[in-house]
Amino acid sequence: MIAVTPPAPYYAVIFTSLRTDVDQGYGDMADRMVALAAQQPGFLGVESAREDVGITVSYWESLEAIRAWKANAEHLVAQQTGRRDWYRQYKTRIAKVERDYGFDSAAA
């Protein structure tokens with residue numbers, strides 16, 4: 001599902017990853033992190049895809065909201081577990097969305 005975001009500007013946190021072969025608990029933790037993020041002030045939405053490279057993009061109102069999410073205690077546990085068990089490599093990028101546009105055939 002494509003996230004519904006407000007008019008720009010807003011921020012995107014782009015998390016790309018390569019997984020290990022360990023899968024135990026990953027799906028449940030990923031679902032929990034999306035649900036928890038959705039409760040955070042400033043959260044706007046999330047999109048995720050996985051093939052060889054996993055990509056999750058979360059959208060936020062401000063850099064302060066992103067910092068608060070990064071420091072969330074339960075999110076910190078997920079980060080530690082990810083480094084220890086689930087990821088061979090990952091990269092997080094934060095970008096300011098200056099403009100967006102799209103198409104929806106269902107709305108046409």
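Before moving on, here are some points about what is shown:
- Ratio of the Cα radius of gyration of the stretch 14-97 to 2.2 N^0.38 Å, where N counts its residues: 1.05
- GluC sites (Glu not before Pro) lying in DSSP loop within the stretch 1-104, provided at most 11 other Cβ fall within 10 Å: Glu51, Glu98
- Rel. contact order, % - alpha carbon contacts under 8 angstrom, at least six apart, the chain: 45 percent
- Sorted fewest first by neighbouring Cβ atoms within 10 angstrom, Leu63, Leu36 come out as Leu63, Leu36.
- Extension gain for Ile14-Phe103 works out to 29.9 nm (0.36 nm per residue, less the C-alpha to C-alpha distance).
- Rounded to the nearest 20 debye, dipole of the stretch 14-97 from Cβ charges on Lys, Arg, Asp, Glu: 380 debye
- In degrees, nearest ten, helix 26-38 long axis to first principal axis of the chain (Cα): 40 degrees
- Near Arg19, once Lys and Arg are set to +1 and Asp and Glu to -1 for all other residues with Cβ below 9 Å from its Cβ, the sum equals 0.
- Cα-projected label distance for Ala3 with Glu74, points at 7 Å along beta-carbon direction, nm: 1.8 nm
A short reminder: the numbers here are calculations on the coordinates, not readings from a lab. The shown structure was predicted, so the numbers you read here are calculated from the model rather than taken from an experiment. Every residue, glycine as well, gets a Cβ built from its backbone with ideal geometry; the counts of neighbours run over all protein chains shown.
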